[in-house]
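Chemist: Below is one structure. I have some questions about it.
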Amino acid sequence: MQQLRIIGMSSFISVLIWIVADVSMSKTEKIKVLISVKAAGSEDMHVEKLSPIKSSYDVKFTGSKSAITSLSQSAPLLVEIPITERASGKYTLQLESELSADVTRFPDVIVQEVTPPSMEIQVIRDKTVSMMIEMTHNDLKYETEPIVEPTHVMVKLSEIDLEAIAPEARVVNLNADEHLRTAERGKLLEKVVPLIPVVEGFSVQLDPEYVTLRAQIKEQFREETLPAVPIRIEASMDIFNAFDVEVRDAGAILTQTITIKAPVEIIERIHAEEIKVHGVISIGADDKTNPDEFRFVTPRFSLPAGVSLVGEPELIEIRLVSRKADRTVAQPETP
């Protein structure tokens, strides 16, 4: 029994000696640590790492063998350094003191050295300012200058970017042409359009992101020659019953080539025969005073709204010829 006690005591003493030896014997070792930074200030504060670009650092730790072995087995270690509230600018972090600042980060060891020893960071603070929307246009022609509503928006960007923008250039650009190239001409338009979140090349956040654009594009006019436009004769039934209409040049009464100036859309509809164009010669009671004599008349052309005649129509020479009383005459169709 005494022998068993001696054996047990010997085992306990051996374990105790091993523990004491492990604690008393320190070890130093370089271990890879991945270091990043995070903003620990307000929501409008951001942090960027400037140098060195690599995120892996060699950190020399000193501690008990067991603690060092535990760290080494977990390599590479991940560390995120919080950056507290501060003004915009560049800062240099001394990594040895930063890693040692929180004793709970690496318990039971001491940070002896970090390679490279420092890290440069950029603290960026956001700022929100009001900027005017500057309206521009290039190719399209407008009845009046396009307008936008609202005229100002709130712009959120970093203080550094804001300082780099000259005061006179602090505007949000909106090109009306980009949104209205295919819009209907001659009509007052209202369109909700997005703003480009860029000011002088710097990315920004806008509030609101969409605005209302109001504009009226000028009609695009073009001259077009229309061949063989038909011409009709208008007269009362008593004239048609008593007279025949005779044209010195028989072909001229049927058609005439004219040139018009009109919006492109109207010209396309005329060619598609969606809109009909014709000429008219009107004969009234005064024309019966000198029958059988030729006289020149000017045809009048029926044109859609917004369409004008270029130049004067060609004159047509006509006369009224009395019909014989004993001749049966069929009544012509009214145009």
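Chemist: When only residues in the stretch 133-150 that are free of Cβ contacts under 8 Å to residues at least 60 places away in the same chain and under 17 Å from the mean Cα position of the chain (by Cα) count, which is farthest from residue 169 (Cα to Cα)?
Modeler: Among residues in the stretch 133-150 that are free of Cβ contacts under 8 Å to residues at least 60 places away in the same chain and under 17 Å from the mean Cα position of the chain (by Cα), the one farthest from residue 169 (Cα to Cα) is 138.
Chemist: Looking only at the stretch 275-290, decide whether some residue is within 20 Å of residue 241 (Cβ to Cβ) and either touching a Pro at 6+ places or on another chain (Cβ under 6 Å) or not assigned by TED's automatic domain parsing to the domain that holds residue 244 (or both).
Modeler: yes
Chemist: Of the numbered conditions (1) out of contact with any helix residue (DSSP H, G or I) (no Cβ under 9 Å at 6 or more places or on another chain); (2) closer than 23 Å to residue 63 by Cα, residue 120 fails exactly one; give the number of that condition.
Modeler: (2)
Chemist: Right, something else. Does the stretch 43-55 include one or more residues that are touching a helix residue (DSSP H, G or I) at 6+ places or on another chain (Cβ under 8 Å) and on the phi < 0 side of the Ramachandran plot?
Modeler: Scanning the stretch 43-55 turns up no residue that is touching a helix residue (DSSP H, G or I) at 6+ places or on another chain (Cβ under 8 Å) and on the phi < 0 side of the Ramachandran plot.
Chemist: Quick one: which residue in 246, 268, 317, 293 is surrounded by fewer than 12 Cβ atoms within 10 Å (Cβ to Cβ) and either outside the structural domain of residue 187 (by TED's automatic domain parsing) or modelled with pLDDT under 90 (or both)?
Modeler: Result of the check over 246, 268, 317, 293: 293.
Chemist: Quick check: anything in the stretch 176-193 surrounded by fewer than 16 Cβ atoms within 10 Å (Cβ to Cβ) and over 30 Å from residue 266 (Cβ atoms)?
Modeler: So far as the stretch 176-193 goes, no, none of its residues is surrounded by fewer than 16 Cβ atoms within 10 Å (Cβ to Cβ) and over 30 Å from residue 266 (Cβ atoms).
Listed here are the residues, each with its yes/no results for (1) in contact with a Pro (Cβ under 9 Å, 6 or more places away or on another chain); (2) farther than 22 Å from residue 126 by Cα.
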| site | (1), (2) |
| --- | --- |
| 40 | yes, no |
| 50 | no, no |
| 61 | no, yes |
| 64 | no, yes |
| 72 | no, yes |
| 83 | no, no |
| 99 | no, yes |
| 112 | no, yes |
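Chemist: Among 260, 233, which is at pLDDT 90 or above, aliphatic (A, V, I, L, M), assigned to a strand (DSSP E or B) and surrounded by 13 or more Cβ atoms within 10 Å (Cβ to Cβ)?
Modeler: 260
Chemist: Is it the case that the stretch 128-147 has a residue that's out of contact with any strand residue (DSSP E or B) (no Cβ under 8 Å at 6 or more places or on another chain), assigned by TED's automatic domain parsing to the domain that holds residue 170 and closer than 30 Å to residue 212 by Cβ?
Modeler: yes
Chemist: If you don't mind, there's one more thing I want to ask. Might you let me know whether the stretch 168-184 holds any residue that is assigned to a strand (DSSP E or B), over 17 Å from residue 134 (Cβ atoms) and among the basic types (Lys, Arg)? Working first, answer last.
Modeler: Start the filter on the stretch 168-184 by keeping residues that are assigned to a strand (DSSP E or B), which leaves 171-175.
Within this subset, residues satisfying the condition of being over 17 Å from residue 134 (Cβ atoms) are none.
No - not one qualifying residue is present in the stretch 168-184.
Chemist: Go through the stretch 87-122 and give me each residue that's exposed (fewer than 13 other Cβ atoms within 10 Å of the Cβ), in a loop (DSSP other than H, G, I, E, B) and of a type in the set (Gly, Ala, Ser).
Modeler: 87, 101
Chemist: In addition: So residue 134 clears everything in (1) closer than 21 Å to residue 31 by Cα; (2) part of a strand (DSSP E or B); (3) charged (D, E, K, R) except one condition, right? Which one?
Modeler: All conditions pass for residue 134, except number (1).
Chemist: Separate question: What tally of residues in the stretch 52-75 results from selecting those that are under 13 Å from residue 27 (Cβ atoms) and of a type outside the set (A, V, I, L, M, F, W, C)?
Modeler: 9
Chemist: Can you confirm whether the stretch 146-157 contains a residue that is of a type in the set (D, E, K, R) and either assigned to a loop (DSSP other than H, G, I, E, B) or under 30 Å from residue 308 (Cα atoms) (or both)?
Modeler: The answer is no, given that none of the residues of the stretch 146-157 is of a type in the set (D, E, K, R) and either assigned to a loop (DSSP other than H, G, I, E, B) or under 30 Å from residue 308 (Cα atoms) (or both).
The values are calculated or read from the model by the stated rules, or taken from the named source; none is laboratory data. Owing to the predicted nature of the structure, the values given are computational and were not obtained by experimental measurement. Cβ sites come from the backbone with ideal geometry, for glycine too, and all protein chains shown count toward neighbours.
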